[in-house]
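Values quoted throughout were computed directly from the atomic coordinates according to the rules given, and no laboratory measurement underlies them. Predicted, not measured: the structure shown is a model, and the values here were computed from it. Quick reminder, even Gly has a Cβ in these numbers, built from the backbone with ideal geometry, and neighbours come from all protein chains shown.
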Amino acid sequence: MIVRLNKFLADSGVTSRRKAEELIKDGRVSVNDKVVIELSTKINTNTDFVSLDGELIKPKKHVYFLLNKPRGVVTTTSDEKNRKTVVDLVKSNERIYPVGRLDYNTTGVLFLTNDGEFANFLTHPSNKVPREYDVKLDKPLTDHDESNLLNGLIVDGTKSRFTKIQFRNKKDKRFVRVTGIEGKNHYVKKMFGALGYQVLSLNRVSFAGVTVDLPAGSYKKLSRTIIDEIYQKYA
């Protein structure tokens, strides 16, 4: 992968990206045994060797996991109430964190990683990465409200919308599948709540086109090939 030198230093756990720039300007960093002082320098993480004060830097290994989040688990790395977190469910030698957030009783697709660039790519609004949810409402969704959800509503002072709405059972319009590209907190619940609906259950069935075919609480490691495919699809 081609990355800026200061980002490589930060991702490797050596220092912050800002401090890495100071190290480069001070002539303390070399690439393939040649001192580099240009902040714009880019390296190939697969072929180039980077040293700090003559000591070879080993790049941090990025790991990626897909979890089928169960109910009753918080989407954080730690919890002040000592509740179980999604990180507790995944065994990893690396320090990982969840990408985005699912509510305590919301279930479904959740990525966990130590790759900040990938996490930012998935959640940044400009990339328009889709999330798909199965929703159970307390009452059938009307045609009028379906139109409003697709056209957009003002929620928390900004306009939000679903990009697609499907009915999982056309005879019972309480069961809805919605697609959106926003990652705001409680996004789906607030959208329906703005029209007087209560969300009884919520399950994220896909994120970035990735689905989960595992029992609740189970996870699997994702290959770099899958991660690259996500980049190619939404970049």
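Below are the figures for this structure:
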{"quantity": "Relative packing of 156-165, 14-23, which averages over residues the other C-beta atoms within 10 Å, highest first", "calculated": "14-23, 156-165"}
{"quantity": "Solution diffusion estimate, µm²/s, Stokes-Einstein, the chain, Kirkwood Rh from C-alpha pairs, 10 °C, viscosity 1.306 mPa s", "calculated": "79 µm²/s"}
{"quantity": "Estimated inter-spin distance, T211 and K61, nm [label 7 Å along Cα→Cβ]", "calculated": "3.1 nm"}
{"quantity": "Computed lengthening from Q232 to F49, 0.36 nm per intervening residue step minus Cα-Cα distance", "calculated": "63.2 nm"}
{"quantity": "Per-peptide average of other Cβ atoms within 10 Å, ordering 169-182, 101-114, 138-151 highest first", "calculated": "101-114, 169-182, 138-151"}
{"quantity": "Label-point gap, in nm, between R168 and R83 - each point 7 angstrom along Cα→Cβ", "calculated": "2.2 nm"}
{"quantity": "Computed label-point distance, nm, for sites K19 and N105 using a 7 Å Cα→Cβ extension", "calculated": "4.4 nm"}
{"quantity": "Zone of T142's modelled label, taken as backbone nitrogen in segment 178-208 under 13 Å from a point 7 Å along Cα→Cβ", "calculated": "195-197"}
{"quantity": "Per-residue Cβ neighbour rank within 10 angstrom, fewest leading, S40, S12", "calculated": "S40, S12"}
{"quantity": "Stokes-Einstein D in µm²/s, Kirkwood radius over Cα pairs - segment 2-56 at 20 °C with 1.002 mPa s viscosity", "calculated": "201 µm²/s"}
{"quantity": "At q = 0.11, 0.15, 0.21 Å⁻¹, base-10 log of I(q)/I(0) for segment 70-174 (Debye sum, equal scatterers on each alpha carbon)", "calculated": "-0.49, -0.85, -1.20"}
{"quantity": "In order through segment 182-188: 3J(HN,Hα) via Karplus (6.51 cos²θ - 1.76 cosθ + 1.60), integer Hz, x for Gly, Pro", "calculated": "9, x, 5, 4, 6, 3, 5"}
{"quantity": "Exposure proxy ranking, count of Cβ atoms within 10 Å, fewest first, for M1, M191", "calculated": "M1, M191"}
{"quantity": "Two-decimal log10 I(q)/I(0) for segment 130-207, as the Debye equation yields it once each C-alpha is a single scatterer, q = 0.15, 0.25 Å⁻¹", "calculated": "-0.43, -1.34"}
{"quantity": "The chain, relative contact order in percent, only Cα pairs under 8 angstrom and at least six apart counted", "calculated": "19 percent"}
{"quantity": "In sequence order, calculated HN-Hα J values of segment 160-176 (Karplus, 6.51, -1.76, 1.60; Hz; x Gly/Pro)", "calculated": "10, 8, 8, 8, 7, 9, 10, 10, 5, 9, 5, 7, 9, 7, 7, 9, 10"}
